[in-house]
Amino acid sequence: MLITIKRFAAIIIISALAITYGCSGSSKPEPTKKQREPGPPGILLLGPVEIPDLYREYPYWRHSHEDYIPEEKQIALLRSVSKPVRLDIYFNAWDEECSERVPKLIKVLELAGSRYLCALYGLDHNMKGLGGINPPYPVESVPAIVIKVNGSKIGEITKDPQASIENVLSEFFYKAGVLYDSPLRN
């Protein structure tokens, strides 16, 4: 009798799950880009994040990285920066703009060379890091990129720039005196 009740309960639970989540056997069409890039992902990366972890947890971000072709002249300019540069990049995993811009920026920095240190910092909906802690830099929107030379902030990018990310970086570095050739002449 007890086994029959357990089987009956299991049938009810399975039926409820099938009704709730559907159980059609039809094949689904190829998902669109929006469907492949849902947010938030299963795991929300908060606080300091390493680039390999970012791409492992959000593999669709890798497409922006792989598909982006930066301007070669600007990359050459960025390679000539005279001092080490740190970029603190604040992002939300579910934000479409972050999923496009952050991987492009990472690619630009990789191509520009070893003078660039990139620090990624994942935030939640309230712009807080791991454990609800405020990030080191006050962030109101994402993506936010804080640019530092010799430990001093020389600028930030918080809105979608009209120019390419490599052009925007070149302009910041030229104005800060760490890039000697004007990005506007190239």
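The values are calculated or read from the model by the stated rules, or taken from the named source; none is laboratory data. These numbers come from a predicted model, not from an experiment. Cβ: placed from backbone, ideal geometry, glycine included. Neighbour counts: every protein chain shown.
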If you check Asn167 against the conditions, is it surrounded by fewer than 17 Cβ atoms within 10 Å (Cβ to Cβ) and not hydrophobic (A, V, I, L, M, F, W, C)?
-> no
Can you run down the residue pairs with Cβ atoms below 7 Å, 6 or more apart or on separate chains, where the first is in the range 47-58 and farther than 16 Å from Leu117 by Cβ and the partner is β-branched (Val, Ile, Thr) and surrounded by fewer than 16 Cβ atoms within 10 Å (Cβ to Cβ)?
-> Glu57/Ile43
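Between Leu123, Leu111, which is touching a helix residue (DSSP H, G or I) at 6+ places or on another chain (Cβ under 9 Å) and not aromatic (Phe, Trp, Tyr)?
Exactly one of Leu123, Leu111 is touching a helix residue (DSSP H, G or I) at 6+ places or on another chain (Cβ under 9 Å) and not aromatic (Phe, Trp, Tyr), namely Leu111.
Restricting to the range 134-177, what's the tally of residues that are in a helix (DSSP H, G or I) and under 16 Å from the mean Cα position of the chain (by Cα)?
1
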From the list Ile75, Ile69, which residue is modelled with pLDDT of 85 or more and out of contact with any Asp or Glu (no Cβ under 7 Å at 6 or more places or on another chain)?
-> Ile69
Subset tally (residues that are part of a helix (DSSP H, G or I) and either surrounded by 22 or more Cβ atoms within 10 Å (Cβ to Cβ) or of a type in the set (A, V, I, L, M) (or both)) for the range 105-127 | 6
How many residues does the range 129-152 contain that are in contact (Cβ under 8 Å) with a residue 24 or more places away in the chain and among the charged types (D, E, K, R)?
-> 1
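Here is a check on your reading of the model: is Val102 assigned to a strand (DSSP E or B), of a type outside the set (Lys, Arg) and in contact (Cβ under 8 Å) with a residue 40 or more places away in the chain? Reasoning before the result, please.
Details: assigned to a strand (DSSP E or B): no; of a type outside the set (Lys, Arg): yes; in contact (Cβ under 8 Å) with a residue 40 or more places away in the chain: yes.
In short, no.
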Is it fair to say Ala76 is closer than 26 Å to Gly132 by Cα and either surrounded by fewer than 15 Cβ atoms within 10 Å (Cβ to Cβ) or of a type in the set (A, V, I, L, M) (or both)?
-> no
In the range 71-91, is there at least one residue being farther than 21 Å from Ile154 by Cα and touching a Pro at 6+ places or on another chain (Cβ under 8 Å)?
-> no
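Output the residue which, of all residues in the range 155-167 that are free of Cβ contacts under 8 Å to residues at least 24 places away in the same chain and of a type in the set (A, V, I, L, M, F, W, C), is farthest from Tyr90 (Cα to Cα).
Ala163
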State yes or no: is Ile13 assigned to a helix (DSSP H, G or I) and either modelled with pLDDT under 85 or surrounded by fewer than 12 Cβ atoms within 10 Å (Cβ to Cβ) (or both)?
-> yes
Exactly one of (1) farther than 20 Å from Ile157 by Cα; (2) among the small types (Gly, Ala, Ser); (3) in contact (Cβ under 8 Å) with a residue 24 or more places away in the chain is unmet by Ser114. Its number?
-> (3)
Got at least one residue in the range 78-98 being assigned to a helix (DSSP H, G or I), touching a strand residue (DSSP E or B) at 6+ places or on another chain (Cβ under 7 Å), at pLDDT 50 or above and closer than 30 Å to Ala163 by Cα?
-> yes
